[in-house]
Every structure is written in structure tokens, then in C-alpha cells.
Amino acid sequence: MTDTKYTRKDFVSDQEVKWCAGCGDYSILAAVTNALPEIGVDKKDIVFVSGIGCSSRFPYYVDTYGVHSLHGRANPIATGIKVSHPNLSVWITTGDGDSMAIGGNHFIHLLRRNIDVNLIMFNNQIYGLTKGQYSPTTPLGQKTKTSPHGTIEHPFKPAELVMGAEGTFYARTVDTNPKMMKEIFIEAAKHNGASVVEVLQNCVIFNNNTHHNITDKEVRDDNQIYLHHGEKMIFGKDSNKGIVLEGLKLKVVTVGENGVTEADILTHDAKDKDGTLHYLLSRMSLPDFPVAMGVIRSVDAAVYNESLEAQIAEVKNLSKIKNVSDLVNSGETFTL
Amino acid sequence: MNVVEVEKIVVKFAGDSGDGMQLSGTQFSDTSAIGGNDLLTFPDFPSEIRAPQGTLSGVSGYKVHIGEIDIYTSGGAADILVAMNPAALKFNMHDLKSGATIILDSDIFEPKNLLKAGYESNPLEDESLSNYTVIAAPITTMTRTILKETGLDTKTIDKSRNQFASGILFFLLNRNLDEGIKFLQQKFAKKPELVKSNVNVIKGGWNYAYNLQLIHTTYRVNPNLNKKGKFRNITGNIATAWGLMAAAEKANLPLFLGSYPITPATDILQELAKHKELGVKTFQAEDEIAGVISAIGASYAGSLGVTSTSGPGLSLKSEALGLAVMTELPLVVVDVQRGGPSTGLPTKTEQSDLMQALYGRNGEAPMIILAASSSSDCFDFAYEAAKLSLEHMTPVILLTDSYLANGSELWSIPDISKLPAIKPPLVKENVEGGYQPYLRNPKNLVRNWAIPGQAGNQHRVGGLEKNDVSGSVSHDPLNHAKMVELRAQKVEKVADYISKQTLNGPKSGKLLVVGWGSTKGAIFTAWNQLKNEGKIISSTNFNYIMPLPSNTEEILSGYDEVLVCELNNGQFVNYLRAKFPKIHFTQYNKNEAQPFMVSELVEKFNETLEAL
């Protein structure tokens with residue numbers, strides 16, 4: 001924790017930013033550097049870690065400690081940093097190829113262990129740095145350079161993997177909403193445990209407008225719902241649509257129609273340990289539903305790095321062995 | 001009864017995987033150590049946990065070589081074999097000295113078991129064992145009789161059969177039975193009923209041998225008077241783990257191991273996991289890659305990052321090793337070699353990862369390669385690997401192998417306070433003029449190390465080529481050429497900081513025999529034998545592979561022939577040929593995934609000398 005008052009500028013590095021003009025990554029960078037002064041951590045204690053891909057150039061552009069590692073390997077680097085030095089605030093920037101394909105294994109295990117790091121996944125549904133191949137999140141049937149006749153692979157929804165691995169924090173946001181991004185990054189930083197923030201991000205060159213049905217000005221109010229813990233799930237241009245639970249399924253209703261009142265609308269409980277509703281919310285997709293934004297799940301659970309420190313403290317307290325000399329001279333020895 | 005004094009003896013314990021041969025072997029080796037013998041042990045077991053009982057594929061063995069003289073190998077053919085079933089006998093017949101003593105359980109030599117072992121007739125009844133002294137005791141019957149009143153079930157009772165054999169062995173070797181009993185008391189401290197039963201059985205075995213007067217000659221191996229001080233029996237894997245812990249303590253850095261279970265390296269992970277009392281952090285990763293990568297992360301943050309593995313795991317770690325080379329971070333990789341390629345022979349020994357260690361990466365990616373040469377010097381070389389890695393800011397691969405890892409020997413316990421200092425090039429906070437990640441010490445070309453948590457030293461490292469000094473990303477052709485050269489020179493310069501190569505025998509002559517790593521004991525013993533026979537021969541063993549010691553060419557020059565002996569198809573000899581094209585190298589290779597036997601080396605050395 002720090003008392004130092006930072007501004008955005010304190011986190012801007014001297015490196016020239018080399019993303020394509022119009023890339024959604026710029027707004028994510030701006031939102032992160034806007035959020036960092038408000039998380040209460042001294043900048044000497046912040047580390048940004050990445051794998052490979054456009055998103056993974058991120059650490060060069062923030063003036064903190066950073067590691068730009070190997071394709072898919074940001075999570076184990078971050079794990080090594082956080083577990084060995086738990087006082088550090090560790091951030092991962094990654095993409096849909098980096099963390100859903102080559103790093104998929106590390107992704108689920110990071111969540112299963114619940115290591116206290118913050119992971120921002122830039123999901124543009126394409127491989128950008130290798131120039132336009134389909135990724136594990138590319139919609140079925142989309143034509144790309146490696147699927148000239150359309151993909152025949154069912155895509156992952158990153159949220160489903162997070163829920164499946166019993167991740168403790170999942171939020172979704174869009175690169176076109178700086179205010180929402182900043183709020184969510186701050187929430188992710190506050191969460192004790194592994195936080196995943198999926199940013200629906202636009203690749204202006206190889207997959208332009210992939211999220212436009214969600215992000216365009218004309219449709220966004222009807223096609224997004226920004227969930228807030230403890231608040232009613234209401235959305236729409238006229239703020240009169242809402243989500244209700246009918247049997248085991250969610251349903252969109254309009255307040256004032258068919259006798260529906262605001263009281264019928266679900267209240268968002270991000271802290272419910274049972275992730276069933278979080279799972280349903282995270283799966284909502286167009287055209288039947290709005291896409292859920294905001295902190296969908298944020299629950300308390302044992303944190304790996306804290307459990308490890310606790311074990312060490314306990315064992316240290318009980319053991320007679322205080323150094324390596326004690327150890328090598330302990331047990332069965334023979335004096336000849 | 002005669003007591004014959006012998007200067008060394010090899011005992012082999014063999015039975016089914018569940019027969020407790022490791023326990024009997026450890027009991028015998030520990031009590032030998034207490035009795036003052038030098039010793040070396042070598043377990044030899046199948047990779048299946050419990051292969052079908054009574055079959056050849058299920059035979060598990062434990063060899064113990066003890067001596068009044070210094071012992072450097074696990075010994076050649078056995079002087080005494082303890083065989084708990086026909087398969088164990090059959091499996092070990094090739095590895096027995098003529099006239100050896102065989103202690104066996106006659107109860108088990110019945111048709112069903114003979115068939116399982118592939119015997120057409122009962123070796124106890126035909127003439128096939130006439131060259132051996134056979135002590136055929138009804139071990140199963142006797143053990144069950146002794147424990148009849150205990151109320152233990154037959155399965156538990158039969159697990160004590162090994163102690164009946166141990167009792168006979170203790171009598172045969174004039175060993176102090178009290179020490180064997182003490183071992184059992186410690187081993188089963190938490191299960192008093194098992195202490196009682198096993199003690200009764202070992203006494204029963206001893207009495208059986210004494211009363212029946214079956215044994216006309218017994219043996220005694222006197223204490224080794226060269227061994228003075230405080231010792232313990234230690235395996236290579238435990239010694240490796242402790243060496244790493246000692247280095248971290250000396251460097252005043254936290255120790256972090258990121259690892260994934262793999263035979264025969266897993267003991268290192270298990271041992272380090274035990275030592276939270278000293279702050280050791282172990283992370284059992286989801287795969288080999290996450291193991292090494294997490295260690296690199298820990299090093300970046302200011303720990304001594306370590307990963308442990310075996311050949312297949314090292315293959316998976318290759319890309320990460322390149323990252324450690326590029327980021328110039330400390331990283332110790334312990335590769336406990338096993339038979340390869342692919343899954344190969346997981347529980348057997350081989351030296352076939354050398355080329356992988358030296359060259360198995362993309363790009364020009366040199367790093368330090370060390371090889372330990374005995375179970376106990378795994379401690380020294382693990383310590384040295386960590387020291388060089390931290391002081392030279394480079395990954396280091398330490399090669400051990402299954403033979404060293406699982407084998408044990410007496411280790412003279414060092415004074416930890418007297419181990420050499422370890423001084424990593426850590427900078428202070430707020431480096432004047434700004435921290436430059438690739439600013440180097442001109443003497444050894446080592447970069448300075450800043451770690452997160454230090455104010456003012458924020459910097460980024462990564463796998464992309466970096467600009468000299470500043471460390472920003474660079475694709476400049478001349479900068480790349482310079483950085484390739486700097487990384488290579490940095491590793492070459494380590495030669496100025498390591499021991500010189502030593503030599504046994506004359507500095508020039510007809511024949512120099514060369515080994516590296518774990519073959520040291522066998523090659524030295526064979527060399528010593530020839531020297532004692534008056535032959536002129538020299539030998540040397542390498543622990544520093546990359547870089548080689550600075551006097552290597554000098555050591556290797558001056559002989560008509562340099563014979564390089566290794567447990568692979570010629571990896572070290574080809575490395576030496578490339579480095580020293582003027583020297584005449586020949587090679588002796590064994591690809592049986594077993595250590596060298598002294599006898600085969602002696603034969604090869606004699607043959608070579610005669611041909612020169």
C-alpha cells in the first residue's frame with residue numbers, strides 16, 4: 001500500500017507505442033494507466049507480465065516492472081512472481097490466442113489455484129500479430145486466412161472456462177467504454193484472488209468491427225447490460241428491459257408489459273459462491289439476450305499464495321531446524 | 001567356523017517390488033556405515049510400481065557395496081545374493097561372482113513360481129547352482145511360525161520375510177545384530193507392533209543360521225580407517241536438494257522450485273517440499289513448461305529460481321531456457337538423466353542428454369553445463385550451479401542421472417559456514433542515472449540485477465532481442481550480432497571462475513581415459529586397478545562441460561590416444577572433437593541404460609593399451 005498520489009502520467013513509459021492506428025489496445029492502455037493511480041499500490045511493487053501477441057506488448061508501455069515472456073506463458077511467469085514475492089501487485093495482459101490456445105492449460109490452473117493476480121484478456125477473436133488466422137474465440141464459420149471456407153471449430157467463451165475452473169472473479173467490458181474499463185480494472189485489483197477481465201477488443205486490421213453489434217453507439221444500450229452487485233438487472237435505451245429467471249433459464253422481459261414490475265427483475269449477486277447464475281449470465285448472447293458487462297462473479301475463496309505463506313509460518317514455528325547446517329546434521333549421522 | 005576378512009563385498013537384495021528389498025538394503029547399508037565401512041548403494045527397479053508377482057519383469061533389486069577400502073562404484077558382480085523368489089534368482093545369475101553365496105527362500109521354489117520365472121527344473125534340485133554356496137532356508141514357513149501368535153494377518157507376516165534373510169546375512173557377515181534391530185525400531189517408530197514382529201523375525205533368521213551350522217565360513221569387512229569425521233548416507237537427489245538450499249541460504253535469497261513430477265527426478269521436488277521450515281517454496285506445476293517458467297518468474301522477482309526434471313521434461317523446457325538466456329536471469333535446471341529417447345527407460349541410467357543440454361534450443365543460446373560425479377557431490381555441484389547462475393546471471397543445467405540420483409554413499413557432512421560466498425550482482429534502489437538492465441561488468445560481462453520492489457529501477461525484460469545496455473527492444477542487425485557475441489563470451493568467461501581440470505597419472509603417455517559425470521567412480525577404479533598392476537595409463541573426469549576448464553587442451557594433449565568412455569553413443573567425444581581437432585580421440589560407449597562395470601572398463605583399457 002502507498003500514500004503516494006499518482007497520476008496517469010506516472011505510469012506511462014518512455015517507450016514508443018507501436019500498435020496499429022485505431023487499435024482497441026490504445027484505449028485499454030489508457031484505462032489501465034488511469035486505473036493504476038487508484039489501486040493504492042506503490043509503483044515499485046507493480047509488475048506487468050505478458051505472453052506473445054499484440055496485447056503482450058503491453059508491459060513495455062507501462063512504467064512499472066515487466067516481463068514480456070513466451071507465447072502462452074504469462075500465467076506461469078506471473079505465478080512464479082506472485083508466489084515467490086506475494087507483496088507484489090501482478091498483472092497479466094494476454095489475448096484470446098495466447099491464453100485460450102497455447103496457454104489454455106496454464107489459464108485454467110491459474111484459476112483453479114486462485115493465485116492473486118489480475119488478468120486482462122484482450123479478446124479480438126483473431127490472431128493479429130501473425131496477421132489474421134482464426135483463434136479459439138473466432139465465431140463458427142468465419143472466413144480467415146487459415147479458414148478460407150469458414151471455420152469448422154466451435155469457439156470457446158472465455159467466461160465458461162473461468163466458471164468451469166471455479167474462478168473467483170470474472171468481469172467483461174468493451175474497449176469502447178473507458179469509464180467502464182477503469183471501474184472494472186479497479187475492482188479486479190481489489191479482488192483477493194485470480195481476477196479475469198475479458199475486454200472485447202477490436203482489431204482494426206484483421207477483424208474490424210467483430211464486436212460492433214455489441215459496441216456500436218446505436219445498439220449498445222440494448223445489446224449490453226452493465227451488471228452491478230446488489231442492483232437490478234435492468235438495461236435498454238429506455239432502461240425498461242430486465243432479466244428474469246424462468247425455470248433454469250434466463251429471459252428478457254420489459255417492465256410494464258404483461259404485468260412485469262421492477263420487483264420481478266433479478267438482482268445481481270456477484271458474491272454468490274454458487275456460480276450457476278453467473279454462468280448463465282456470462283453465456284447470454286445476441287440476438288436473444290444482451291451481452292453481460294461488469295463484474296459478473298467476485299467471490300472469496302482460499303488464495304494460493306496466502307495459504308502457502310500460512311503453511312510456511314506454521315512449519316517454521318514448529319520446526320527445530322533453523323538453517324541448512326541444522327538440517328544436514330539432523331537425523332541419522334555416523335561419527336567415524 | 002572360519003572367519004575370513006575381506007576388504008570389500010557386494011551384496012545384492014532381489015525380490016518382488018513389494019518384498020521390501022529397498023528396506024533390507026537400507027538397513028544393511030546404514031548398519032555398515034555405523035560399523036565404519038565405506039559404501040555405495042544402487043537400487044535397480046522396474047518402472048512399474050507392482051509388476052506381476054514372481055515374474056522376471058517384477059524383480060526389484062538393491063545393491064550395496066561396502067569396503068574397508070574406499071568405494072567408488074556400486075560394485076561389479078555380487079558376492080552375496082539375497083533372492084526372495086525364483087525370478088529374483090534367475091534375473092541375477094548373470095551378475096554373480098563364481099562361488100558367490102546365495103540366500104534364498106526354499107519355500108517359494110515350487111512349480112508355480114518356477115514356471116513364472118521360466119525355470120524348466122528346480123535349480124535347488126538340479127546341478128545348476130553347484131558353483132555357488134546356497135543357503136536355502138524355508139523363510140516363509142519360519143517367518144509364519146515365528147509370528148503365529150501375533151494375530152497379524154498372513155499378508156503382513158509375509159512382509160517380514162526380508163528380515164529373516166537379513167538375520168542370516170547379519171550372521172554371515174559377522175554384523176552387530178543390535179544395529180539391525182535399532183534400524184527397525186527407528187523405521188517403524190510409529191508402529192510398535194511392526195517393530196516387535198520384525199525384530200523377532202531378524203533374530204529368528206540369525207538364530208537359524210547359528211543353530212543349524214549350515215554356514216562354515218563367515219566374512220568380516222573391517223572399518224575403513226580413511227573415513228574420519230561425521231558422515232551420513234545420502235542419495236544424489238537429496239544431496240542435490242540440500243545443495244540448492246545451502247546455496248540460497250548463502251546468497252541470502254529465497255529458494256523457489258517450480259517442477260513437475262518425473263522419474264527419476266521427483267525426489268528433488270519431494271525433498272524440497274518438506275522444507276518449509278527454511279522458507280523453501282515449491283510449486284508443483286501443471287506441466288514441465290509451467291515448472292520452468294514459474295522458476296524464471298521467481299528469479300525475475302529476486303529468488304533463486306530452480307526447476308528439476310529428466311530428459312523428456314528438458315525437451316519441453318527448451319523454449320523457456322532460451323528465455324532465461326535472453327533475459328539473462330539466474331535459473332538452475334537439474335536434469336536427472338534416464339534412458340532415452342522419448343519415454344525410454346524411466347528408471348534406468350544414461351548420459352544421453354548431453355547434446356540436448358548443450359544445444360537443444362533455438363538460436364545461439366549458450367549456457368553453463370555442469371555434471372555431478374557421485375551421489376554425494378551432487379551437493380557440491382548443485383551448490384556450484386546455483387553460485388555460478390547467480391553470480392553470472394545465466395541459466396545453468398546440472399546433469400545428474402538415475403545412478404547418482406537413487407544411489408547413495410557416505411557423505412562427509414560439510415561445515416555449511418565454510419562454503420564459498422555467493423554474491424549475486426544485485427543493485428541498490430534508485431540506481432544513479434537510471435537502471436540499465438543490460439549494463440555489464442566489463443570483467444565478466446555480467447549484467448546488473450534489479451528486482452521488483454526496488455524504487456526507481458522499473459524495467460522490462462523479455463524474449464525479444466534487446467538493445468545493448470538500455471535493454472529496449474531492438475531489431476538492429478549490428479546490435480544483434482553484438483548481443484550474440486556478448487552472451488557467448490559471458491559464458492566462456494566463466495572458465496576464469498571454475499576449478500582447473502585435474503589428472504590421475506602421468507601428464508603424457510600412450511593412453512588417457514576420459515569420462516564425465518557419473519562414470520567417475522567406475523573409470524577411476526578401473527584406472528587404479530591397472531596402475532596397481534604396473535601399467536602406464538592416465539585418467540581424468542569432467543564436471544565442467546560448458547565452459548570446459550581453461551587447461552582442458554593441456555590435459556588432453558600428450559597422449560597417443562584419448563579414449564572417451566560414456567553411457568551414450570558418443571556425445572561428449574564429439575563435443576571434444578569439435579573443440580580440439582588435433583587430438584586423437586577414440587570412444588567407448590555403452591547403451592544398455594546401466595552404469596559401467598569396472599571389469600568391462602579394465603578389459604577395454606587393457607585391450608587399448610595392447611593395441612598401441
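Percent antiparallel among DSSP beta bridges with both residues in segment B:233-418, to the nearest 5? Please report the intermediate quantities before stating the final value.
Working: 4 of 26 bridges.
Within segment B:233-418, antiparallel bridges account for around 15 percent of the total.
Using R₀ = 41 Å, calculate the FRET efficiency as 1/(1 + (r/R₀)^6) where r is the Cβ-Cβ separation of A:Glu257 and A:His228; round to 0.05. Can you show the working numbers first?
Working: r = 24 Å, r/R0 = 0.58.
It comes to 0.95.
Using R₀ = 25 Å, calculate the FRET efficiency as 1/(1 + (r/R₀)^6) where r is the Cβ-Cβ separation of B:Lys418 and A:Lys320; round to 0.05.
0.65
Can you check how the C-alpha radius of gyration of segment B:233-418 compares to 2.2 N^0.38 Å, as a plain ratio?
Values: Rg = 14.6 Å, N = 186, 2.2 N^0.38 = 16.0 Å.
With N residues counted in segment B:233-418, Rg over 2.2 N^0.38 Å equals 0.91.
Between beta-carbons, use under 9 Å as the cut-off and find the net charge around B:Val6, counting Lys and Arg +1, Asp and Glu -1. All intermediate terms of the calculation are to be shown ahead of the outcome.
Details: positive: B:Lys8, B:Arg220; negative: B:Glu5, B:Glu7, B:Glu68, B:Asp79.
Within the 9 Å Cβ shell, the charges total -2.
Could you grab the relative contact order for segment B:425-498? Cα pairs under 8 Å, six or more apart, rounded to a whole percent.
Relative contact order of segment B:425-498: 28 percent.
What list of whole percents do you get for P(r) of chain A, with Cα-Cα distances grouped in 20 Å bins up to the one holding the largest distance?
Reading the bins upward from 0: 30, 53, 14, 3, 0.
Note down the nm distance, to one decimal, between modelled labels 7 Å out along Cα→Cβ at B:Asn574 and at B:Val469.
So the label points at B:Asn574 and B:Val469 sit 4.2 nm apart.
Could you give me the radius of gyration and the Dmax of segment A:221-295, taking only the C-alpha atoms into account and expressing both in angstrom?
In Å, with Rg to one decimal and Dmax whole: 11.4, 33.
How much length is gained on full extension from B:Asp287 to B:Asn252, taking 0.36 nm per residue of separation minus their Cα-Cα distance?
On the way: separation 35, 0.36 × 35 = 12.60 nm, distance 2.88 nm.
Between B:Asp287 and B:Asn252, full extension yields an extra 9.7 nm.
Any idea what angle helix A:304-318 forms with the longest principal axis of chain A, computed on alpha-carbon atoms, 0 to 90 degrees, nearest 10?
Helix A:304-318 and the main axis of chain A meet at about 20 degrees.
For B:Lys582, give me every one of the aspartates and glutamates with a C-alpha distance below 14 angstrom, ignoring sequence neighbours fewer than eight places off in its own chain.
B:Glu553, B:Glu554, B:Asp560, B:Glu561
Based on the Kirkwood radius over alpha-carbon pairs, what is the Stokes-Einstein translational diffusion coefficient of segment B:509-611 at 25 °C with 0.890 mPa s viscosity, in µm²/s?
On the way: Rh = 13.7 Å.
In µm²/s, the coefficient rounds to 179.
Relative contact order, percent, of segment B:509-611 when contacts are C-alpha pairs under 8 Å separated by at least 6 residues?
Details: 141 pairs, mean separation 34.8, N = 103.
After rounding, I find 34 percent.
Can you pull the Rg over Rh of segment A:1-92, Cα-only, Kirkwood? Intermediate results must be reported in sequence, preceding the final value.
On the way: Rg = 13.1 Å, Rh = 13.6 Å.
Ratio of gyration radius to Kirkwood radius: 0.96.
If one takes the longest principal axis of the Cα atoms in chain A, at what angle in degrees, from 0 to 90 and to the nearest 10, does the Cα axis of helix A:74-84 lie?
Roughly 40 degrees between the two axes.
Just grab the label-to-label distance for A:Asn105 and A:Ala21, each label 7 Å out from Cα along the Cβ direction, in nm (one decimal).
4.3 nm
Run the simple label-point estimate for A:Glu218 and B:Glu110 please: 7 Å along Cα→C-beta, distance reported in nm.
Inter-label distance under the simple model: 9.1 nm.
Working from the alpha-carbon coordinates of segment B:2-220, get Rg over Rh, Rh being the Kirkwood radius. Intermediate values should be presented prior to the final figure.
Details: Rg = 16.2 Å, Rh = 17.3 Å.
Rounded to two decimals, Rg/Rh equals 0.94.
Could you rank the peptides B:68-76, A:58-66, B:305-313, B:591-599 by their average count of other C-beta atoms within 10 Å per residue, with the highest value first?
Details: B:68-76: 21.7, A:58-66: 24.8, B:305-313: 28.7, B:591-599: 18.2.
Highest mean packing first, the order is B:305-313, A:58-66, B:68-76, B:591-599.
What order do you get for B:Leu304, B:Leu23, A:Leu200 when you list them from fewest to most C-beta neighbours inside 10 Å?
On the way: B:Leu304 28, B:Leu23 20, A:Leu200 24.
By the 10 Å Cβ count, ascending: B:Leu23, A:Leu200, B:Leu304.
Take the cross-link list B:Lys493/B:Lys579; B:Lys112/B:Lys203; A:Lys5/A:Lys182; B:Lys187/B:Lys276 and give me the ones stretching past 20 Å between alpha-carbons. Don't jump to the answer; show the numbers that get you there.
On the way: B:Lys493/B:Lys579 16 Å; B:Lys112/B:Lys203 30 Å; A:Lys5/A:Lys182 17 Å; B:Lys187/B:Lys276 23 Å.
Check vs 20 Å cut-off fails for B:Lys112/B:Lys203; B:Lys187/B:Lys276.
Where in segment B:552-572 is the amide nitrogen less than 18 Å from a point lying 7 Å along the Cα-to-Cβ axis of B:Ala611?
Under 18 Å, as judged by backbone N against the label point of B:Ala611, lie B:559-571 of segment B:552-572.
Quick one: Debye curve from the alpha-carbon atoms of segment B:228-339 only, equal weights, vacuum; give me log10 I(q)/I(0) at q = 0.10 Å⁻¹ to two decimals.
Here log10 of I(q) over I(0) equals -0.27.
When the chain is fully extended, how far beyond the present Cα-Cα distance does B:Asp178 get from B:Met1, taking 0.36 nm per residue of separation?
Values: separation 177, 0.36 × 177 = 63.72 nm, distance 2.18 nm.
Separation in residues times 0.36 nm, less the Cα-Cα distance, equals 61.5 nm.
According to the Cα gyration tensor, what semi-axes, each the square root of 5 times an eigenvalue, does the equivalent ellipsoid of segment A:20-149 have, listed from largest to smallest in whole Å?
For segment A:20-149, the ellipsoid semi-axes come out as 27, 17, 11 Å.
DSSP loop trypsin sites (Lys or Arg not before Pro) in segment B:183-221 with at most 12 other Cβ atoms within 10 Å of their Cβ, which ones?
Working: sites: B:Lys187, B:Lys190, B:Lys196, B:Lys203, B:Arg220; in loops: B:Lys190.
Sparse-neighbourhood loop trypsin sites (Lys or Arg not before Pro): B:Lys190.
Going Cα to Cα from B:Lys230, which lysines come in below 16 Å? Please leave out same-chain ones fewer than 8 positions away.
Straight-line reach from B:Lys230, under 16 Å: B:Lys418.
Of the beta bridges DSSP finds with both residues in the protein assembly as shown, what % are antiparallel, to the nearest 5?
Numbers: 49 of 138 bridges.
Roughly 35 percent of the beta bridges in the protein assembly as shown run antiparallel, per DSSP.
Taking a temperature of 25 °C and a viscosity of 0.890 mPa s, what whole-number D in µm²/s does Stokes-Einstein yield for segment B:492-561 with Rh from Kirkwood over alpha carbon pairs? Mind showing how you got there, number by number?
Numbers: Rh = 12.6 Å.
Answer, rounded: 194 µm²/s.
I need the calculated FRET efficiency for the pair B:Lys190 and B:Asp126, taking r as the beta carbon distance and R₀ as 51 Å, to the nearest 0.05. Don't jump to the answer; show the numbers that get you there.
Details: r = 46 Å, r/R0 = 0.90.
Here the calculated transfer efficiency is 0.65.
Per DSSP H run of n ≥ 4, the term is -39500 (n - 2.57); total these for the protein assembly as shown, divide by its residue number, and report the mean residue ellipticity at 222 nm rounded to 500 deg cm²/dmol. Before the final figure, lay out each step's value.
On the way: 30 runs with 313 residues, N = 948.
Dividing the helical sum by the residues of the protein assembly as shown leaves -10000 deg cm²/dmol.
To make sure I understand the rule: partners must be aspartates and glutamates, Cα under 14 Å from the Cα of B:Lys227, and not fewer than 8 residues away in the same chain. Which ones qualify?
Answer for B:Lys227, where 14 Å is the Cα cut-off: B:Asp38, B:Glu68, B:Asp70, B:Glu409, listed by chain and number.
Counting only DSSP beta bridges with both residues in chain B, tell me the antiparallel percent, nearest 5.
Numbers: 30 of 86 bridges.
Expressed as a percentage, antiparallel bridges in chain B total about 35.
In segment B:266-309, whose amide N lies under 15 Å from the spot 7 Å out along Cα-to-Cβ of B:Leu426? List them in ranges.
In segment B:266-309, the label zone of B:Leu426 (backbone N under 15 Å from the point 7 Å along Cα→Cβ) covers B:298-305.
For the protein assembly as shown, report the % of Cα-Cα distances exceeding 51 Å.
32 percent
Restricting things to Cα coordinates, could you compute the convex hull volume per residue of chain B in Å³? Numbers along the way, then the final one.
On the way: hull volume 100.6 nm³, N = 612.
Measuring per residue, one finds 164 Å³ for the Cα hull of chain B.
Each value in this text was obtained by applying a stated rule to the coordinates, not by laboratory testing. Note that the structure is a prediction, hence the values are computed from the model and not measured. A quick note on method: Cβ atoms are made from the backbone with ideal geometry, for glycine too, and the neighbour counts reach across all protein chains shown.
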